[in-house]
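Enquirer: Have a look at the structure that comes next, please.
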Amino acid sequence: METTLERPTIADWRTYPQTAALTSLRPQADRLDLVWDDGRVSPFHHQWLRDNCPCGECVYAVTREQVLEIIDVPADLAPERAAIELGYLCVHWSDGHRSQFDPGWLRAHAYDDDSRAERLAAHQTTRVWRRDFEVPVFQHDQLMEDDSALLEWMLALRDLGLSRVDGVPTAPGSLHRIAQRIAFIRETNFGVLFDVKSKAAAADSNAYTAFNLPLHTDLPTRELQPGLQFLHCLVNNADGGDSVFVDGFAIAQALRDEAPEDFRTLCEMPIEFRNKDRRSDYRCLAPVIALDARGEISEIRIANFLRGPFDAPAERMEALYHAWRAFLSLTRDPRFRLQQKLRAGQMWCFDNRRTLHARTAFDPASGERHLQGCYIDRDELLSRILVLQRGR
């Protein structure tokens, strides 16, 4: 009795275009080697295929999350029959289970060397910049109304770590709506939205003073630094008060190239950052430079005005100071520094775990300077990008 082949379920919310077609398979003792029409051969081990079966018994269709645990199938499970049918991989297992796999999904998750190299190349989207960087500028109304413009803005934030938005209404609280176009706002001890202006004796952060604020990342005192920071200008007619930015990834890469021992020290030796006021006391011990699982620079954590005394083995204290001085020296190097004055109705948005920011001193007697800010976690940015990219 013939059965009708149904299009395989994909245990995901994304779509996977077919970039290559399956032409044949070569059964091996522990795997199936699939041959594509571009000549690539991708091995898929039996346990990997069974573990990733997308059928309704193995994946709950409502959530598209796995319910199968591989421990519940025999370790020596093998196909009784495997074939390519209407372009799909169909496997009949020795325990009676049947799996069907979409070729687009298989190609996107293949783990032969060429496929893994392609995914790694696609993952490496970061582009570092220096003082001649032209900050990408976006328009508030477009971002509020057009998802394509929103996606373009978010990709710039992901890849470049710095952007400017013009035409933002200057009424207090206007920041709230555009930030929520990306995701919900992360609340901190400074509030959901925080006001950046000189508070003199009432200041609970150096940001709320008028003097020069050196390059830093916000809240390095937290286990997870905020990912995105928004700074929206309501008014800025005081003398001074320019914004200064440095790509922390460019600084770290320069250190890696020019002083590898200093780079290694700042990756390995933790520093304690402290944020204490009358009502709170936050502390975090972490390295200045963090690397991801691939060994790529993924986070910078620095704020000299929030740094505690170094606590390191005596024989390594000189090395730590040497590395710290080298990093700070690069942040002052003109080749890395970008400086602009934010005007009313403009907004900076940047990756706070990458882009160091500063403010030149200003004279509060010469005019008013009032910015509002907020934070969104980097995970929310990346999630929103993936959702908007579905089906595109």
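Enquirer: Touching a residue at least 40 places away in the same chain (Cβ under 8 Å) and either under 29 Å from residue 389 (Cβ atoms) or among the hydroxyl-bearing types (Ser, Thr, Tyr) (or both) - does that describe any residue in the range 68-77?
Expert: No, the range 68-77 has no match at all.
Enquirer: Please verify whether the range 123-135 includes one or more residues that are modelled with pLDDT under 95 and over 19 Å from residue 350 (Cα atoms).
Expert: Yes - at least one qualifying residue is present in the range 123-135.
Enquirer: Exactly one condition in (1) in contact with a helix residue (DSSP H, G or I) (Cβ under 9 Å, 6 or more places away or on another chain); (2) aromatic (Phe, Trp, Tyr); (3) over 21 Å from residue 360 (Cβ atoms) is false for residue 305; which is it?
Expert: Just one mismatch for residue 305, condition (3).
Enquirer: When the range 340-368 is examined, which residues are found to be under 23 Å from residue 225 (Cβ atoms) and either among the aromatic types (Phe, Trp, Tyr) or outside any loop (DSSP other than H, G, I, E, B) (or both)?
Expert: Residues satisfying the conditions are 347, 348, 349, 350, 351, 355, 356, 357, 358, 359.
Enquirer: Something else about it: Being of a type in the set (A, V, I, L, M, F, W, C) and either outside the structural domain of residue 218 (by TED's automatic domain parsing) or at pLDDT 95 or above (or both) is the filter here, so list the residues in the range 343-366 that pass it.
Expert: Answer for the range 343-366, where residues must be of a type in the set (A, V, I, L, M, F, W, C) and either outside the structural domain of residue 218 (by TED's automatic domain parsing) or at pLDDT 95 or above (or both): 344, 347, 348, 349, 350, 356, 358.
Enquirer: Of the residues in the range 133-168, how many are crowded, with 20+ Cβ neighbours inside 10 Å and of a type in the set (A, V, I, L, M)?
Expert: 8
Enquirer: If you check 350, 336, 327, which single one turns out to be closer than 30 Å to residue 169 by Cα and in contact with a helix residue (DSSP H, G or I) (Cβ under 8 Å, 6 or more places away or on another chain)?
Expert: Testing whether each residue is closer than 30 Å to residue 169 by Cα and in contact with a helix residue (DSSP H, G or I) (Cβ under 8 Å, 6 or more places away or on another chain) leaves just 350.
Enquirer: Something else: From the set of residues in the range 81-122 that are acidic (Asp, Glu), more than 14 Å from residue 25 (Cα to Cα) and in contact (Cβ under 8 Å) with a residue 40 or more places away in the chain, which is surrounded by the fewest Cβ atoms within 10 Å (Cβ to Cβ)?
Expert: 114
Enquirer: If the requirement is being surrounded by 22 or more Cβ atoms within 10 Å (Cβ to Cβ), among the acidic types (Asp, Glu) and touching a strand residue (DSSP E or B) at 6+ places or on another chain (Cβ under 8 Å), which of these qualifies: 242, 247, 311?
Expert: 247
The values are calculated or read from the model by the stated rules, or taken from the named source; none is laboratory data. Predicted model only: the values in this text are computed from it and were never measured. Here the Cβ is made from the backbone with ideal geometry for all residues, glycine too, and neighbour counts use every protein chain on show.
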